[in-house]
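Structure first, then comments.
What follows draws every value from the coordinates through simple rules; no lab data is involved. Values in this document were obtained by computation on a predicted structure and should not be read as measured data. Positions of Cβ are generated from backbone atoms using ideal geometry, with glycine treated the same way; all protein chains shown enter the neighbour counts.
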Amino acid sequence: MEGFDLELAARPAWRHGDYSHIPFWVYSDAANYQAELRDIYKGPVWNYLCLAAELPGNGDYKTTKIGETPVLVVRGEDGVVRGFLNRCAHRGALLCLEPRGSVKRLTCVYHAWSYDLEGNLKNVAFEDGADGRGGMPDDFDKSRHGLRPIEVTEFCGLVFGSFDPGVPDIETYLGPESVRFLKRALGKAPLKLIGRSTQVMHNNWKLYLENVKDVYHATILHLFFTRFRLNRLGHEGGIIVSDSGAHHVSYSKMDAERGNQDYASQDIRSTGEGFSLNDPSLLDSIDEWEDGITVQIQSVFPSLVIQVIQNSIAVRQILPTAVDRTDLNWNFVGFEGDSEEMTRTRVKLNNLVGPSGYISLEDGAIGGFVQRAIRGVEEDSGVVRMGGDDVTTVDYRATETSVRGFWKMYRGLMGV
Ligand code: FES
Ligand SMILES: [Fe+2]
């Protein structure tokens, strides 16, 4: 029998205007990953950085990353939130070492250069030398060695950052529908952080963002969703894709009557025959939303996912840490003024999501299944043709339109 040398098989090229065939090498190619960090994360996009609620007081800071680049966000003495590279201007050491804190000055541990909260270099240890000898030369100008600023904006209690001064304003970037749904999810009152966790995923960052946009999988992979009828493809709902393709919202309305037989006829494990809840109060919810929508999943390219499942609200941050590794930071939120009962209900429903959530735990594994399976597979592409080949908003959900939207935006930024 003739052998088949995978190493020598030709890589499929991107086809013009085709968002339905995705070469598998884009999830594992190291050079492509470096190009993404440059052209996407440092490009004209808004990256989610933190909740404004994490910086309640002047001097409060939070460290995070844009792509793999450490940044810090700090609320100044004037109450304004600013962002900087988390990097000392002297020799480049990490400036803030803690995930969060509160300071009057930002002082580097290495040689104690210190900066005010607007990023100005204020103090250089031994600037005039010691015992009258050494020190900085006369032409050393502190005003030229401040922290590197990044663009920062706030929307609906979320703080975003960008490396690109030419990035559009946040509402233009999001488009009207994404704005509308972000306001729906988060805009009722100031947010309150009620929990957080970080999940390490053994897959390329794109596989997670695609997974979030892939509504098709949700009621097939996630037995809990389907078995307990929180979500079925036959339920009333739809997918909104922004004009750029970058962002999406999927929404649905739980319905005890619709979409039942579709699953039984298709040999799908998630029908979950034989599974039942010992404590059905796990799913108790409070009627909070006026529009009947019970599941809203929303992505903001390239690093943010907003999820509202009944009273469980989460702000998820996607951070690539290597070509085949991704951190997913979960922020579980409620609102200032929530009753104790509402907070309890949110906390209980949060068992559905997070790293070991009854619904979302499979998402932590499935990207790794892809990553493991595509090793050495240079000659093949994935197929994203459910619902046709368009990138468009639809009022049904048996479609991969929003995944194709991702590739439209991605290819535009990457120039491929
Ligand atoms: S590297 Fe920060 S003070 Fe030297
Ligand atoms: Fe999922």
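List the residues of region 388-410 whose backbone N lies under 20 Å from a point placed 7 Å from the Cα of residue 268 along the Cα-to-Cβ direction.
Zone members listed by number: 388, 394-404.
So for 205, 14, 330, fewest C-beta neighbours within 10 Å to most, what's the order? Numbers along the way, then the final one.
On the way: 205 28, 14 16, 330 21.
Least to most surrounded, the residues fall as 14, 330, 205.
What order do you get for 273, 118 when you list them from fewest to most C-beta neighbours inside 10 Å?
Details: 273 8, 118 16.
Ordered by Cβ neighbours within 10 Å, fewest first: 273, 118.
Identify the residues of region 218-257 with backbone N under 18 Å of a label point that sits 7 angstrom from the Cα of residue 282 along the Cα-to-Cβ direction, or state none.
Under 18 Å, as judged by backbone N against the label point of residue 282, lie 219-232 of region 218-257.
Between region 201-235 and region 246-302, how many Å separate their Cα centres?
Cα centroid of region 201-235 versus Cα centroid of region 246-302: 10 Å apart.
For the chain, please report how many Lys pairs fall under 23 Å Cα to Cα, leaving out neighbours fewer than 8 apart on the same chain.
Total qualifying Lys-Lys pairs in the chain comes to 25.
Modelling each spin label as a point 7 Å along the Cα-to-Cβ direction, I'd like the residue 69/residue 372 distance in nm, to one decimal.
Output for this residue pair reads 3.5 nm.
Per DSSP H run of n ≥ 4, the term is -39500 (n - 2.57); total these for the chain, divide by its residue number, and report the mean residue ellipticity at 222 nm rounded to 500 deg cm²/dmol. Walk me through the numbers before you get to the answer.
Values: 10 runs with 85 residues, N = 416.
Rounded to the nearest 500, it is -5500 deg cm²/dmol.
When the label point is put 7 Å from the Cα of residue 136 along its Cα-to-beta-carbon vector, which residues of region 62-98 have a backbone N closer than 15 Å?
88-92
In whole angstrom, note down how far apart the Cα centers of region 39-57 and region 342-372 are.
23
If you build a Gaussian network model of the chain, linking Cα atoms that sit under 10 Å apart, which residue out of 341, 236, 151 swings the most?
341
Work out, step by step, the length gained on full extension between residue 31 and residue 389: first 0.36 nm times the residue separation, then minus their alpha carbon distance; give nm to one decimal. Let's see the in-between values first.
Working: separation 358, 0.36 × 358 = 128.88 nm, distance 2.82 nm.
Taking residue 31 through residue 389 to full extension adds about 126.1 nm, to one decimal.
With a cut-off of at most 13 other beta carbons within 10 Å, and DSSP calling the residue loop, which chymotrypsin sites (Phe, Trp or Tyr not before Pro) in region 217-297 qualify? Please list them.
Details: sites: 224, 225, 228, 251, 263, 275, 289; in loops: 228, 275, 289.
When the chymotrypsin sites (Phe, Trp or Tyr not before Pro) of region 217-297 are filtered for loop state and at most 13 Cβ neighbours within 10 Å, 275 remain.
Along Cα→Cβ, 7 Å out, is where each label goes; now give me the distance between the ones at residue 253 and residue 143 in nm to one decimal.
With each label point 7 Å from Cα toward Cβ, the separation is 6.2 nm.
What does DSSP give for the chain in terms of the percent of beta bridges that are antiparallel, rounded to the nearest 5? Could the numbers behind the result be given before it?
Values: 75 of 75 bridges.
Antiparallel bridges: around 100 percent, rounded to the nearest 5.
Between the helical axis of 361-373 and the dominant principal axis of the chain, each derived from Cα atoms, what acute angle in degrees is found, rounded to the nearest 10?
Its long axis makes an angle of about 90 degrees.
Considering only DSSP states other than H, G, I, E and B, which GluC sites (Glu not before Pro) in region 1-93 qualify as loop sites with at most 16 other Cβ atoms within 10 Å? All intermediate terms of the calculation are to be shown ahead of the outcome.
Values: sites: 2, 7, 36, 54, 68, 77; in loops: 2, 68, 77.
Sites meeting the loop and neighbour criteria: 2, 68, 77.
Tell me, which cysteines of the chain are without a disulfide-compatible partner by the Cβ under 4.7 Å rule?
Result for the chain is 50, 96, 156, no neighbouring Cys Cβ within the cutoff.
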